[in-house]
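Here the structure is laid out as structure tokens; the discussion comes afterwards.
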Amino acid sequence: MTRQLIILLIMCLVFLSCGSNRGKTRTTGKVVVSVSVLSLFHPRTLTVRVLRGTQPELLLGNGRILRGSMFRINISDGKKLAVVSDDANGEGREVCLVTPAGKPWRGEFVLLVPGETERKYRGELRVVADDGNLVPVIRLPVGDLVRGVLASECSASDPSVFLRVQAVAIRSFILASRGRHELADFCDNTHCQVWLGSGKTEQPFREAAEATTGIVLTANGHVVPVPYHACCPGVTRTPAEVWGKTIPGITSVRCGYCDDARHHVWTWKVTAERLRNVLHESSIEWQNESPGKGVASVRVDGSLLSTEQFRMKLGRVSGWNKIYSNSFAVSISSDTLLFYGHGFGHGVGLCQEGAKAMSRSGYSMNTILNHYFPMLRVEYR
């Protein structure tokens, strides 16, 4: 076989390989998902302000059209929406932004919850009423959501390799977890993934999302909803330990890279009376794994909770800066409790602080992903 023929065959193989990856990438890039936003604020009043592009129309559920660049939406009777536009009023079961031709309008707009928050988004907007609150739902391409979640979860100063690792984890979760909510695929808080809107568009986030387009983690040919957390206690935990369920290919691994992280070790001191008052409970008992070891479970007024359930219960009423993780021990002296723990978050899957440290040490994206997910494959989809 001549040298020229060998070179030609190699070039053909490279071309076919690249073409195959590009095809999978384009398929993934076409996926559109929906996210219910601002759910933490339980809005009953919402202002929609259109920023640029062709001015949309607001379509009410009864078919009526309102025009303008700003719309104020209120709950009318718990189920209906009362809308005030630049020049008209109306009511409907739900509203959405459309083009003059009646198709879903996709553009930039601001959602304002008076006295609470103001966030910028880009996508298709629909607003519905649910249990007496307004629920804005935004449809957008997966790639846009990956970039937005990346900007919400990370800092533009984080190592570029870590941002790519995180982008793969975010995309894998999105593609494997659609349909988690009744009104949308996802919410915008920690139940799914934190998304603070499309306002932050720093170059590092765009580069990481684009460089990893189509790359996901899989097990047995299926994309896996990989979890991640801020800092592990030294060894990541299994989904069964924390949530009582399994996730294909997600196992416990020794991290070894987050020892110098801010929340690798933490303490919190509180009186037993104060803790009972905050939780509105009369009795709290600690059940240890064994003498001298950490807490295995907590009995609150007769109900047995895992340490993760207890952390979530306290965090919802008192903030997330008290008990940082589910790996802790409790020392009791008189009426004072001293919590001594390791890590920040649920401890399952990717340790963000560990992945950052590996990135700074020169490890590649694939090496980091293989370290935390040794049973998963890195693939193009």
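Per this entry, residue 59 is not counted among residues that are in a strand (DSSP E or B), farther than 22 Å from residue 149 by Cα, at pLDDT 90 or above and of a type outside the set (Ser, Thr, Tyr).
Give me the strands (runs of 3 or more DSSP E) completely within segment 95-186, filtered to those with at least 2 residues that are touching a helix residue (DSSP H, G or I) at 6+ places or on another chain (Cβ under 9 Å), ordered by residue number.
Working: elements: 106-113, 117-130, 133-141.
Result: 117-130, 133-141.
Across segment 314-369, which residue is farthest from residue 169 (Cα to Cα) among those that are part of a strand (DSSP E or B) and of a type in the set (Gly, Ala, Ser)? Step by step, filter segment 314-369, then rank; the result is 333.
Answer yes if at least one residue in segment 247-269 is assigned to a strand (DSSP E or B) and among the β-branched types (Val, Ile, Thr), and no otherwise.
yes
Being in contact (Cβ under 8 Å) with a residue 60 or more places away in the chain and either in contact with a strand residue (DSSP E or B) (Cβ under 9 Å, 6 or more places away or on another chain) or not aromatic (Phe, Trp, Tyr) (or both) holds for only one residue in 108, 118, 91, and it is 108. Residues that are farther than 21 Å from residue 280 by Cα and within 21 Å of the chain's Cα centre (by Cα) occur at least once in segment 328-343.
Can you tell me which residue within segment 27-41, out of those that are more than 16 Å from residue 72 (Cα to Cα) and part of a loop (DSSP other than H, G, I, E, B), is modelled with the lowest pLDDT?
Looking at residues that are more than 16 Å from residue 72 (Cα to Cα) and part of a loop (DSSP other than H, G, I, E, B), I get 30.
Evaluation of residue 198 against the conditions (1) within 16 Å of residue 352 (Cα to Cα); (2) in contact with a strand residue (DSSP E or B) (Cβ under 6 Å, 6 or more places away or on another chain); (3) not in a helix (DSSP H, G or I) shows that the sole unmet condition is (1).
Yes/no matrix, rows are residues, columns are (1) surrounded by 12 or more Cβ atoms within 10 Å (Cβ to Cβ); (2) without any contact (Cβ under 8 Å) to a residue 60 or more places away in the chain; (3) within 23 Å of residue 171 (Cβ to Cβ); (4) not assigned by TED's automatic domain parsing to the domain that holds residue 361:
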residue	(1), (2), (3), (4)
254	no, yes, no, yes
261	yes, no, no, yes
277	no, yes, no, yes
281	yes, yes, no, yes
288	yes, yes, no, yes
300	yes, yes, no, yes
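Once segment 153-205 is narrowed to residues that are loosely packed, with under 15 Cβ neighbours inside 10 Å and farther than 19 Å from residue 37 by Cα, the residue that is modelled with the lowest pLDDT is 202. Which one is surrounded by the most Cβ atoms within 10 Å (Cβ to Cβ), of the residues in segment 334-381 that are aliphatic (A, V, I, L, M) and in contact with a Gly (Cβ under 6 Å, 6 or more places away or on another chain)? Within segment 334-381, the match that is surrounded by the most Cβ atoms within 10 Å (Cβ to Cβ) is 376.
The values are calculated or read from the model by the stated rules, or taken from the named source; none is laboratory data. This one's a predicted model, so the numbers in the text were calculated from it and none came from an experiment. Here the Cβ is made from the backbone with ideal geometry for all residues, glycine too, and neighbour counts use every protein chain on show.
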